[in-house]
1. Please go through region 73-89 and pick out each residue that is modelled with pLDDT of 95 or more and either part of a loop (DSSP other than H, G, I, E, B) or exposed (fewer than 12 other Cβ atoms within 10 Å of the Cβ) (or both).
2. With Gly234, Gly223, Gly292 as the choices, which residue is surrounded by fewer than 19 Cβ atoms within 10 Å (Cβ to Cβ) and small (Gly, Ala, Ser)?
3. I want to confirm something. Restricting to region 237-250 and keeping residues that are in contact with a Lys or Arg (Cβ under 9 Å, 6 or more places away or on another chain) and part of a helix (DSSP H, G or I), which single residue is surrounded by the most Cβ atoms within 10 Å (Cβ to Cβ)?
4. Out of Asp132, Asp168, which single residue is surrounded by fewer than 23 Cβ atoms within 10 Å (Cβ to Cβ) and either among the acidic types (Asp, Glu) or free of Cβ contacts under 8 Å to residues at least 40 places away in the same chain (or both)?
5. Among the residues of region 168-209, which ones are touching a strand residue (DSSP E or B) at 6+ places or on another chain (Cβ under 9 Å), in a helix (DSSP H, G or I) and hydrophobic (A, V, I, L, M, F, W, C)?
6. Report, ordered by the first and then the second residue, all pairs with beta carbons closer than 8 Å, sequence separation of six or more or different chains, a first member in region 32-45 that is surrounded by 21 or more Cβ atoms within 10 Å (Cβ to Cβ) and of a type in the set (D, E, K, R), and a second member that is outside any strand (DSSP E or B) and at pLDDT 95 or above.
7. Is there any pair with a first residue in region 70-89 that is of a type in the set (A, V, I, L, M, F, W, C) and a second that is at pLDDT 95 or above and assigned to a loop (DSSP other than H, G, I, E, B) whose Cβ atoms are under 7 Å apart and which are 6 or more apart or on different chains, and what are they?
8. Starting from residues that are within 22 Å of Ala315 (Cα to Cα) and among the small types (Gly, Ala, Ser), keep the ones in region 259-303 and report whichever is modelled with the lowest pLDDT.
Amino acid sequence: MKRLFSIVLAGALMAPSLPAVRAEEGPQISAASAVLMDGDSGRVLYEKDSRTRRLIASTTKLMTALVALESGRDLDEVVTAAPEWTGAEGSSIYLRPGEEITLEALLYGLLLRSGNDAALAVAGFCGGTVEDFVARMNEKAEALGMADSHFANPNGLDAEGHYSTAYDMALLARACLENETLSQIASTRSITLGTRSFTNHNKLLWRYEGCVGMKTGYTERAGRTLVSAARRDGMTMICVTLDAPSDWADHTALLDWGFSGRQARTLVQEGERVGQLPVSGGLLPLCPVAAGESLAAALTPEDRVEMACELTAFALKAPVAAGTPVGEIIYYVNSKKLARTPLVTGTDVPDAAAPERGGWPWKNGFKS
């Protein structure tokens, strides 16, 4: 059974005075579908037809790289190119049957040169077969909440049953940024590995201050697709456009709009105490309850922040281990759900004969 406790924190968490940006406005763009997302909180700041399923071309390769890096394979492992992985249509790193190449080089060729043959080699090597690897891609999409996505291949060539949405691709980009190796590869402008040199197709790495990747794409049916991310002043913005004739200009306009008038604000720090629960049979009568993870968001002065604590326990019984889940903190911005972060016990409470007391001494005036 859960019980909800709420408090308005707008005054404490508001950003200092900044130029106003009206949330209902945004730049005019060429893309058929687009999303601008706060990379730290996952909050959507701008969207245009963001849930329509579309072809995504080579931005697919972000999922290919993520699944490969989570497969347990080492980057220095040597891959022998099978004949069926070579000769792929479209962009290529020109693998030769029987050629030996490291997984690291394949991943750079995948994300910088957008090699369709590299995608097949990565999938075949890391998944056992390309088909099994694609199944893992779909499992990962489901785990990330990409409800309107399905993958039919690892390279993004047009195929029946291969699609995603601007919103889903932003979810994928956020997960990719959390993978240190993938983030490093996607932000690399150029590199030489073995006999091959790769230059990143993402022109924003040169053109946009703070750009940290991520992936371009194009087919005649999909049009120009682009996933980008940029960091400025402690904020991370993720931008996705699908079927965008002027994608470089679209991303520049959307990213500029996102950074303008916003400031990074820490809503809660990992380990920050937000209350306490009574403990029976313990050395201590009360156990502090703290945030299990940090949460930050890009906010304007007009943004109104609310916080609610949803508890799964109202009293504890010793012994209590630090880090035991007891619920969640839920944050809202302008009455829309922003994010959740776990609530955990803040310390160990050993067994002991101790009276039960305490009740609900939550700080900041929580109301039942």
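1. Let us first name the residues in region 73-89 that are modelled with pLDDT of 95 or more, namely 73-86.
If the condition is that a residue be modelled with pLDDT of 95 or more and either part of a loop (DSSP other than H, G, I, E, B) or exposed (fewer than 12 other Cβ atoms within 10 Å of the Cβ) (or both), then Arg73, Asp74, Leu75, Asp76, Glu77, Val78, Ala81, Ala82, Pro83, Thr86 are the ones that fit.
2. Working: Gly223 fails: surrounded by fewer than 19 Cβ atoms within 10 Å (Cβ to Cβ); Gly292 fails: surrounded by fewer than 19 Cβ atoms within 10 Å (Cβ to Cβ).
Answer to the selection: Gly234.
3. Our first condition is that a residue be in contact with a Lys or Arg (Cβ under 9 Å, 6 or more places away or on another chain); within region 237-250, this holds for 237-238, 241-248.
This time we only want the ones that are part of a helix (DSSP H, G or I), so: 247-248.
Values: Asp247: 26, Trp248: 18.
Ranking the candidates gives Asp247 first.
4. Details: Asp168 fails: surrounded by fewer than 23 Cβ atoms within 10 Å (Cβ to Cβ).
Just a single option satisfies the conditions, and that option is Asp132.
5. Met169, Ala170, Leu171, Leu172, Ala173, Cys176, Leu177, Leu182, Ile185, Ala186, Leu204, Leu205
6. Pairs found: Asp38/Gly258.
7. From region 70-89, the pairs are Ala81/Leu95; Ala81/Arg96; Ala81/Pro97; Ala81/Gly98; Ala81/Glu99; Trp85/Leu95; Ala88/Asn155.
8. Applying the filter and picking the extreme gives Gly282.
The values are calculated or read from the model by the stated rules, or taken from the named source; none is laboratory data. This structure is a prediction, so every number in the text was calculated from the model and none was measured. Virtual Cβ from ideal backbone geometry, glycine too; neighbours counted across all protein chains shown.
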